[in-house]
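In what follows, a structure is listed as structure tokens, so that the remarks can point back to it.
Read-outs: derived from the displayed coordinates by stated rules, not from any lab. Predicted model, so just to flag it, every value in this text is computed and none were measured. Reconstructed Cβ throughout: ideal geometry from the backbone, glycine too, with neighbour counts over all protein chains shown.
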Amino acid sequence: MAVCVAVIAKENYPLYIRSIPTENELKFHYMVHTSLDVVDEKISAMGKALVDQRELYLGLLYPTEDYKVYGYVTNSKVKFVMVVDSSNTALRDNEIRSMFRKLHNSYTDVMCNPFYNPGDRIQSRAFDSMVTSMMIQVLSRAPCCRAGEALWA
Amino acid sequence: MADAALFEFLHTEMVAELWTHPSDPGPGGQKMSLSVLEGMGFRVGQALGERLPQETLAFREELDILKFLCKDLWVAVFQKQMDSLRTNHQGTYVLQDDSFPLLIRMASGLQYLEEAPKFLAFTCGLLRGTLCILGIKSLVTASVASLPTCKFQVVIQKT
């Protein structure tokens, strides 16, 4: 259900970035880059807050008129950023959380792969197919929403 | 349950293999073997540092990370917790294990004291790798006074 998924290393360079409408990729790259500031702000805000426990899921980072950007940070300071289409209003918070959890699990699997050197770009096919499954759902869902609206009207 | 035994045997073979065929004979080759072992431990520590804290919430400070090492990491790898953690609050931590599983099979006392360090190299790397992936650059050394008690000293590098 995502339009763009990015995995960003601790040092703020991308380990993996993929977007679905591949012609306007640069726009998504730019959006992910600007969202990093918001991520850093949230992390430092949480550090100063006297909350007992810090959550890994950062929530909605910022909305634009077409898209919403969500963030998640792991204990190793690797950030996941997801850009979602705003018109897909059916997405709830816990669905986004479960998508991030799947991403985190796949990323951990990539890390445990002895052929992967930490810090390299992610080239795992398993990771690719997991991300594709998350993105394909947006294409299969959208027509259903529109069909539903037409019936209702 | 068999995981612990498998790991111990694998570790023993790793040490034996790297020790009998050093890349060059003499003290240089042996140091190389120790750093290869430590390097292996480092990579494993990085992978464990990503997988083990997955469900826990973010760490607030350094001491939390060290406590995580003593409890969760040690239990996951050696099925027991670290026996004591001491610190001087200035970046040095001493982790003591009174019956280290990789040494306990060898002897109890002062026999084989010179052989012990090479069995600790992998574990030093493991600690360093996990700390590295959790954001702490450190230097880990191990010392044995009498088997099977061993101490791991972690010195945090200030950048």
Cβ-based exposure ranking for B:60, B:86, A:125, in which fewest neighbours within 10 Å come first:
A:125, B:86, B:60
Hey, how much of the P(r) for the protein assembly as shown falls beyond 34 Å, as a percent of Cα pairs?
35 percent
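Could you work out the longest stretch of chain B that avoids the GluC sites (Glu not before Pro) located in DSSP loops with at most 11 other Cβ atoms within 10 Å? Display every interim value, and only then the final one.
Working: sites that count: B:55, B:61, B:114.
So the longest stretch without any such site is B:1-54.
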With angles folded into 0 to 90 degrees, how steeply does helix B:27-51 sit against the dominant principal axis of chain B? Use alpha carbons for both and round to 10.
30 degrees
Residues other than residue B:16 with Cβ under 14 Å of its Cβ, Lys/Arg counted +1 and Asp/Glu -1, net out at -2
Cα-only Debye scattering, region A:2-125: base-10 log of I(q)/I(0) at q = 0.19 Å⁻¹
-1.11
To make sure I understand the rule: partners must be lysines, Cα under 17 Å from the Cα of residue A:79, and not fewer than 8 residues away in the same chain. Which ones qualify?
A:10, A:42, A:68, A:102
Restricting things to alpha carbons, find the Rg to Rh ratio for region B:1-151 using the Kirkwood radius for Rh.
0.96
Nearest 10 degrees, 0 to 90: what angle lies between the long axis of helix B:121-133 and the longest principal axis of chain B (Cα atoms)?
20 degrees
